[in-house]
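Input: a single structure, listed below in structure tokens.
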Amino acid sequence: MTTTSKTLSVLELVSMSSSSNSKSPSLQLDTKNLDLLDIVAGALKEWKDRGNGSISGSDLLSVLIDKLIRFECFAQPRKMYFSPPEKSIVESMKTIIKFLVSMLETLADTVMAADTISLKPRSPPVDLNALPDDVLAEIIELAALEGKPNFRALRLSQVSRRFRAISLHLPKIWSRVSYDYHGLEMTRLYATRSNHTGLEVTMEDCEHYIESRRMLQAAVPFCHEWLSFSYTVFHEASHFCCVKEHQTPMKLPRLVRLESVNDYEEVYKMYEMPNLKSAHFTNSIPSPSFLSTISTFSMTFNHHDEDDFVDLGELWDFLVATPTIRDLSLAFKSPLEAFGEGMPYSKLSLPGIETFTLNVVFSDYTFDPDSWDDYRDFVYHLVMPNVSHVNLSVIFNSRGKCTPEKDDFVFNLLPRSELHPKLTSLSLTVVDGRAMFEKSTNAEEYDDILAFPAEFAPFLTSIKLRTNYEFYLYLEDDTPFFPLRRLELDYCPRITDEFLADVYRGLNRDGNWESFEEAIVRGCPLINTNTGFMNSITKEKIRAVPVSRNETGPFRFNDW
């Protein structure tokens with residue numbers, strides 16, 4: 001049979017199907033015929049991809065027949081491969097046509113029925129134009145300021161004339177400029193539209209040094225408007241990539257926050273910052289004459305070169321010269337040898353400190369057993385009589401070597417209890433660093449057990465704990481237990497019901513159970529508050545909180 005005869009026979013089939021009075025509204029296709037529908041769609045797409053804007057009936061049938069012959073021969077191999085299975089093709093085409101006719105009739109009936117029904121929405125549609133200007137302004141501001149500096153303010157102002165009018169009267173959404181988004185003209189636009197509300201400026205001279213230069217060229221003339229300035233240095237002053245637009249004397253009367261990373265040239269000394277309240281330095285220590293107005297100060301040391309070390313003498317001098325600090329944060333990721341030789345003074349009195357944060361990372365490749373004492377000695381010489389809250393984070397990147405008693409070391413990083421009677425709140429994070437690099441969290445692989453004796457912090461009324469170690473609050477017969485009022489277990493996969501049972505026993509023994517307010521449990525799969533002891537005694541004071549979707553791997557983080 002020739003191609004022409006095939007086409008004619010199928011045309012006859014089409015004619016017979018279209019003239020038939022029988023309907024099959026409930027006709028269904030099996031798996032094979034659903035594949036045939038895919039072939040029809042594929043044939044049309046192939047014809048369109050060839051650049052054809054339309055297709056005639058005969059061309060469509062020719063393409064379909066060619067594809068159907070291949071499909072049938074592949075689906076049902078025969079001895080006479082070159083003899084086309086005409087009957088099977090005709091049956092397939094007939095089934096497809098019936099299905100399509102049935103589908104079209106069903107759609108037609110649905111449309112006709114819809115014309116006779118008055119559809120009412122379940123609730124009035126949301127119309128942004130119906131919202132008052134003040135409500136819409138809040139929505140725009142929240143959307144524009146979410147996350148890091150970006151183009152959202154500009155994009156929101158381009159939604160409509162009303163959005164533009166409202167956005168131009170929200171100077172706060174134009175207050176953030178960054179090297180990776182805002183060039184010369186865009187920075188000028190944002191600075192102008194901020195309308196003296198203050199600017200937050202961020203730059204670095206890594207791969208974005210050209211963008212940083214252009215951004216600063218536009219931002220420096222507005223330096224009297226700066227509220228925050230963050231700059232990161234990656235190149236020496238002689239390097240062609242070094243950004244120097246900010247290395248000029250500037251008066252920054254409104255600046256309240258400064259962040260400096262790798263500033264070995266001490267560029268900050270060029271600035272007049274009479275109202276600075278918060279400073280954050282990485283890999284450098286500011287001079288004692290830096291400023292005496294800051295209340296929040298943090299330093300991070302993450303040198304990877306063993307020749308770089310933290311000069312405790314410089315650190316001591318700076319802290320002594322800055323008695324206004326209320327919130328002090330220190331993070332050490334450098335090798336343990338970074339502390340140098342000995343302590344510079346017998347003790348360092350910091351009566352203004354109310355919140356103290358200490359983050360320490362230990363790695364096997366830099367491990368020196370003798371240097372454990374350097375950290376303990378450092379904290380031992382700190383005297384902060386008014387400190388009330390401590391954030392302590394310790395990460396052990398142990399890769400097979402034996403390390404000393406971890407719990408003894410960790411809890412000796414707490415300020416001495418006899419000199420810090422106001423220390424009542426502790427946020428403690430202790431992490432086995434293997435969980436950052438390995439998927440397995442099998443308890444047998446983590447053989448360390450940490451026990452926290454109350455004598456290290458006997459006045460604690462609030463503890464927040466995050467750890468992937470097995471952990472206990474040590475209960476001694478002759479020592480008072482922690483006078484806890486609040487406990488939060490935040491991602492502690494190896495802590496069990498027995499931990500909370502010990503808390504109850506200790507508080508109940510000392511007559512403090514009735515004063516205990518609440519225990520919040522999140523990400524602790526081994527704690528079940530609905531069975532046995534937990535259900536009968538402590539359930540009313542334990543609240544389980546769902547795990548956040550955004551934090552699926554709490555021990556694969558980089559906090560600082």
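Ordering V256, V220 from largest to smallest accessible area (1.4 angstrom probe), what's the sequence? Intermediate results must be reported in sequence, preceding the final value.
Values: V256 65, V220 35 Å².
Sorted descending by solvent-accessible area, the residues read V256, V220.
Which entries of K333/K464; K251/K347; K333/K541 have Cα-Cα distances beyond 29 Å here?
Those over the limit are K251/K347; K333/K541.
Might you work out the accessible area of L526 for me, using a 1.4 Å probe with all protein chains in place, and round it to the nearest 10 Å²?
90
Using 0.36 nm per residue, how much length does the chain from I449 to R162 gain when fully extended, once their Cα-Cα distance is taken away?
97.2 nm
What Rg and what Dmax come out for the stretch 176-276 when only alpha-carbon atoms are used, in angstroms?
12.5, 37
Per-residue accessible area for T467 at 1.4 Å probe radius, Å² rounded to 10?
0
Between F151, L168, P132, whose Cα lies farthest towards the positive end of the dipole of the stretch 130-174 when Lys and Arg beta carbons carry +1 and Asp and Glu beta carbons carry -1, centred on the Cα centre?
With unit charges placed on the Cβ atoms, the residue in question is F151.
Please give the peptides 406-412, 505-511 ranked by average Cβ packing (other Cβ atoms within 10 Å per residue), highest first, as a rough proxy for protection.
406-412, 505-511
Net charge near D327: determine it from the other residues with C-beta under 14 Å of the C-beta of D327, scoring Lys and Arg +1 and Asp and Glu -1.
In short, +2.
With every protein chain kept in the model, how would you rank D205, D373, D497 by accessible area, 1.4 Å probe, largest at the top?
Largest to smallest exposure gives the sequence D373, D497, D205.
First measure r as the distance between the Cβ atoms of A237 and S349, then evaluate 1/(1 + (r/R0)^6) with R0 = 56 Å and state the FRET efficiency to the nearest 0.05.
0.90
Please give the Cα centre distance for the stretch 470-518 versus the stretch 191-209, rounded to the nearest Å.
Centre-to-centre distance over Cα atoms comes out at 49 Å.
Which FRET efficiency, nearest 0.05, do N129 and F459 yield, Cβ-Cβ r, R0 56 Å?
On the way: r = 58 Å, r/R0 = 1.03.
For N129 and F459, the calculated efficiency is 0.45.
On the full set of protein chains, 1.4 Å probe, figure out the accessible area of R188 and give it in Å² to the nearest 10.
Number for this one is 100 Å².
Would any residue of the stretch 444-485 have its amide N under 15 Å from a label point 7 Å out along Cα→Cβ of E518? List them or say none.
462-464, 485
What's the FRET efficiency of T324 with Q247 using the Cβ-Cβ distance as r and R₀ = 25 Å, to the nearest 0.05? Please report the intermediate quantities before stating the final value.
Numbers: r = 27 Å, r/R0 = 1.09.
Efficiency computed from Cβ-Cβ geometry: 0.40.
In the stretch 177-221, whose amide N lies under 18 Å from the spot 7 Å out along Cα-to-Cβ of L145? List them in ranges.
177-178, 190-202
For the stretch 130-174, what is the convex hull volume of its Cα atoms per residue in Å³? The partial results should precede the final answer.
Numbers: hull volume 2.7 nm³, N = 45.
So the per-residue Cα hull volume is 61 Å³.
Could you please put H169, H235 in sequence from largest to smallest accessible area, using a 1.4 Å probe?
Accessible-area ranking of H169, H235, largest first: H169, H235.
The values are calculated or read from the model by the stated rules, or taken from the named source; none is laboratory data. Everything quoted here is computed from the prediction, not taken from an experiment. All Cβ positions, glycine included, derive from the backbone under ideal geometry; neighbour counts span all protein chains shown. When the accessible area is computed, the model is the full protein with side chains, heavy atoms only, and any ligands, DNA or RNA have been set aside. Shrake-Rupley method; radii C 1.70, N 1.55, O 1.52, S 1.80 Å.
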